[in-house]
Amino acid sequence: MSSRRSELTRQAARLFAEKGYHGTSIGDLAQAMGVQKGSLYAHIESKADLLWEAARDGAAAFHQALDGVADDQPATEKIRLALRAHLRVVAEQLDIATVFIREWRYLEGERREQFIAERRRYEERFRAFFRDGRELGELRTDLDDATATLLALSAANWAYTWIRPDTNTDELADRFYDFLLDGMRGYAAPR
């Protein structure tokens, strides 16, 4: 991909994150690139092309982050590291993370199907950590892997609305992990 096209995709992701896919016009994209609207069509056929590229870049970033979780760790440590990796992507690549989490819904046809398959593959990779923890006796034996994954990813995904670039994502992920794995009741005495 040309550097100009990469810059266009980056600017599109930024605008989609700020204004939403439908709130971003071709004119907005042209202004961000410092060109006339017609010039953009030398690089794209439609705004939908840019949404696809930004969503695909988001999927690649989240998968790549999860690739960094070492296989030789206990399952519960993999969950901690996966949360750290996920929140790091949200904080460091907020624009494409926002597209991955929110704006992908506007993809259509085959691109939408491909993207949903990538999201499901990511969720399944995450779910495997909970399943392994249950099967290896590191987590409760009646754990519902799907619900645990949904809870963890929902909490981590929502961070795109409030996370700041200077957030210590490892510390935040560790707090999420503590709440998820140790519960919120902790050692409080019953009333």
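Only the coordinates and a few stated rules stand behind these numbers; no lab work does. This one's a predicted model, so the numbers in the text were calculated from it and none came from an experiment. Counting neighbours? That spans all protein chains shown, and the Cβs are built from the backbone with ideal geometry, glycine included.
Tabulated data for the structure shown
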read-out: Most mobile listed residue (Tyr160, Tyr106, Tyr21) in the chain, GNM with C-alpha springs under 10 Å; value: Tyr106
read-out: Set of lysines near Lys19 by C-alpha distance (under 16 Å), chain-local residues within fewer than 8 positions excluded; value: Lys47
read-out: Mean Cβ count within 10 Å, highest first, over the residues of peptides 54-61, 79-86, 150-157, 114-121; value: 79-86, 54-61, 150-157, 114-121
read-out: Per-pair calculated FRET efficiency, R0 = 22 Å: Glu113 and His22 via Cβ, rounded to 0.05; value: 0.60
read-out: Option label - Cα Rg over 2.2 N^0.38 Å computed here, alternatives [x] 1.39; [y] 1.02; [z] 1.18; value: [z]
read-out: Projected label distance in nm at Asp72 and Glu135, using a 7 Å step from Cα toward the beta-carbon; value: 2.1
read-out: Mean separation of Cα contacts under 8 Å, 6 or more apart, over the residue count of the chain: relative contact order %; value: 24
